[in-house]
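Quick note: the coordinates plus some simple rules give every number you see, no bench work behind them. What you are looking at is a predicted structure, and each value in this text was computed from that prediction instead of being measured. Note: ideal-geometry Cβ built from the backbone for every residue, glycine included; neighbour counts use all protein chains shown.
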Amino acid sequence: MPRYAIVTAAVVMPVAVAGAIELWATIGSAPVGRSYVARFAGSSLLIQLGLALLVGMALARLTTRREEAAALHDAAAVAAGLATGLSTLFVLVNGAPPLIQESRPGSSGILAIAVGATVVAAVVRKILPCRHGLAAIAVEPVLIAAAIQGAYLVLTRVTAFPTSRRALFVWLGAAVACLLAASLVQRHSSPWPERGVAKILIAVPVMVAVAGITAVLVGRSALPALPTRTDGPPDILLLVLDTTRSDFAPAGPEAPVPTPNLSRMAAEGVRFTRAFSTSCWTLPAHGSLFTGLVPSEHGATWSSEHFPDGVSTLAEQLQDAGRRTGAFSANPWITPEFGFDRGFERFFVGDADRHPMKPGLVGSLPALFSPLGAATLYEDAGGLVVASEALSFLGSDDRPAFVFLNLMEPHLPYIPPDRFLAASPDGEWNRRSLDAVDQDLFRDLRPGGERSRREIDGLRRLYAGEVAYVDWLLGRILDRLEDSDRLDDTLVVVTSDHGENLGQHPPLDHQLGLFDTLVHVPLLIRYPSVFPAGAVRDDLVSLVDVPVALLSLARGDTDDPGGPILDGPPRRAVFIEYARPGYILQRIRDRLGIDPAPWDRTLRGVRTSELKWIEASDGRHEAYDLRTDPGEQRNLVDELGTVPATVAPLAGILDEVSARWVPRADSEPPPPISEETAERLRSLGYLP
């Protein structure tokens, strides 16, 4: 075999081994949607092999003019350095587990460390005494690539990771240790016959390339195109942007990051500016969205943590009417484990806590893959996969469908992809400084734990980036519907289950209160045959009104007003509730070491367009005049020492309406939460 072919193969060999490990690790680390990951990971592997082949051919032209032994020695050194540099780059680009942000260096730091590791590895390998032979080319790069990739796989499973400064020494040391170990192994091995080594040098990259091609062929494109649908009743797409505040969706002109697709929804449909959830957190809010009942009636609250039997659901009624029904949820609360699968023929659960690892090239050159959505796939919180599965279900049959889709990205922790971050022009905020912002959701409950104005600004930028990401996903969904001529025949509803405090009230997230920052949610509906484009409605509506309207529209019953959303009798008030949060109280006690008694209570409230009354089980009631205090910073009960006369009628409305609520509960205690689900809920701050 010509020497230049051997040298070229020797350079491609470690890249093939490292790339094969990346391919396996990337696909294997994805908990769902592996078919999407396979296509991107396979494409990355093939491009890496192609680039390595070009580099190898160029090096061969330079090295084969020397003596054979020196040429082979140089090739082994270059291959070892290339494998080390590639693996180091892969490690650094992927960084640490998402919650440990300080270990993520900037792009210049990544390149500097990778280049430095490559140079050091090549130099060390060059000066080590070793036998010049083909075995050096075949064995050493494989050991180096495998050792470093294996170390990365181990480190991604631990809870601690070195900071970027330590990472420089850790990975340089790992490179040197692997080179020394490989040299010792090679020195005690006998050289392989030239023909056998040549076959290995060529066969391994070829087999790896075949694996990459196979991954591309069996993989699927995210957000698939939809077939054109024949005439018939409209499809219904109910999209919940989890944890999204009304004032961020659509974002105003002064928002940190724009939301053009939510603005498009508002321009092409109707926007309800005074839409309210029934609670401040996921379980009771979704229960109301699925049943049209307040939490006390449907029973899914902190007191039971399970969607009870015996309550008719929106999905069940639509399924009985002949519709296909599918649910696609990235939220661990909204799963069959908690009883939310009733009425759905398919229930797909995404895993928002686990991300597939990035192949090295995708990580270092994300712009190259941005048209394919690959960079986003490795950075989102499961949204791209669940949205893709929802579209696949929608287009799988010509019968009308009801699709529920929950996108989890705006929930803590806030880790938006770089392209959705709002970096300030003065340089105060960049990726590194934003990642350093404290996202401890309970910190401001501790005395003296208030956040500075700068911290709140950083949190808003991170949160806005997450909302901008789900806005991007919404845009891709609308584009797919439009491309297939289905958009105008699809009833699209976009809302949220609750908002987020973001420093305006403690704590950081969405527990322990019923402030408007938590219960004021977006509601946008696009269905041109019923709702005029660009309409803005300022009347009060609640999440309990959404299923009523959807059922009326699905039946096409023009005689049924379908509640306040469809021009039925207007609401004089909306009702909100929050049950005693036992798990949250325990976490406050364990995490902060303080008495959680101030938050050990149940809340129920009523809100009109101007006033809010919240009745607390511990007697510490709250009243707000929203005309003069829209931020709810002045509790009138505390100021006056009594219930103000302007708010007293609201207490009567609450008593009158709540007297008609029929509390429900499961006939049997709900099953215990599985350990896997408990771990996911723990990572989101719900469980201690």
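Model label points for residue 426 and residue 218, set 7 angstrom from Cα along the Cα-to-Cβ axis, are 5.4 nm apart. What does the net charge come to around residue 529 if you take all other residues with beta carbon closer than 9 Å to its beta carbon, with K and R at +1 and D and E at -1? Once all neighbours under 9 Å are counted, the net charge is -2.
If only the Cβ of Lys and Arg carry +1 and only the Cβ of Asp and Glu carry -1, the dipole of segment 375-514 around its Cα centre is close to 500 debye.
Looking only at segment 235-570, where both bridge partners belong to it, what percent of the DSSP beta bridges are antiparallel (to the nearest 5)? The answer is about 25 percent antiparallel.
Where nothing but the Cβ of Lys and Arg (+1) and of Asp and Glu (-1) is charged, how large is the charge dipole of segment 235-570 around its Cα centre, in debye to the nearest 20? Don't skip to the end; give the middle numbers.
Numbers: 27 positive and 50 negative charges, 125 e Å.
Taking the Cα centre of segment 235-570 as origin, the dipole is about 600 debye.
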